[in-house]
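Following: one structure in structure tokens, then a few remarks.
No value in this document is a laboratory result; all are computed from the given coordinates. Because the structure is predicted, anything quoted here is derived from the model rather than measured. In this analysis, Cβ positions are derived from the backbone assuming ideal geometry, glycine residues included, and neighbour counts consider all displayed protein chains.
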Amino acid sequence: VDGLKERDMIREVFGRYVPESIASSLMQESGELKPISTQATILFSDIQGFTKLTEEVGAERIVAILNAYFSSVVSILEKHGGVVTQFQGDAVLATFNVPIKSSNHGENALKAAMEIRDMMAQTKFDGIALKTRIGLNTGNVVAGAVGAEGRLNYTVHGDAVNLAARIENLNKAYNTDILISENTAKLISNIELKSIGTTDVRGRLASVHLYVIKD
């Protein structure tokens, strides 16, 4: 009975996209996750032209497309040590170095982004080719199980998360598929990057220095 309760709690907090073996190792004996403040690399992605796609195909097919897409993306993220903490429509928010520790979280996140990009170029989802935009940022986050009693979810909060989403959106302006913040770029040593300068970001006083993968 206790084992069943623990499994139910793991599914409630982490959802079905986090492997149960990993989720179990993160649970304390009390059955609760201790909130923490730590540095993490955030990967935020969404599908280009998804709103238009929803208008062109039926609801049933959209669900099939998203399920196939999410399954492929989650598999790649897990391979590189990332954990999906949130789905927002077609968008994916994944974290590296929390809740699973990773000494090379910046580089692992970038490797995951590159593999997702390459996979998308070779894969059709329910017969539909998709493109994704990805933003990477590193900074301090607060992570923990948040929500009402009986409806807890493991989430991450902080300016670093918001900035990752803003950077992802800037791919539209730069006609790029992966954009990397300076904080993340500083953690990359084995992949050559190129600065594309600084830009203003909505809601921030300081400009943001952006990088792309060098061709």
**Message:** Applying a 10 Å radius around every beta-carbon, put 194-207, 112-125, 37-50 in order of their mean neighbour count, most first.
**Reply:** 37-50, 112-125, 194-207
**Request:** May I ask for the distance between the Cα centers of segment 65-101 and segment 165-204, given as a whole number of Å?
**Result:** 20
**Item:** Scaled radius of gyration (Cα, divided by 2.2 N^0.38 Å) that segment 56-150 gives
**Value:** 1.19
**Listed residues N183, I167, G49: farthest to the positive end of the dipole of segment 32-213 (Cβ charges)** = N183
**Message:** At q = 0.08, 0.20 Å⁻¹, what log₁₀ I(q)/I(0) does segment 32-213 have when each alpha carbon counts as one equal point scatterer in the Debye sum?
**Reply:** -0.25, -1.40
**Request:** Using per-residue counts of other Cβ atoms within 10 Å, averaged over each peptide, order 64-72, 132-140 from highest down.
**Result:** 132-140, 64-72
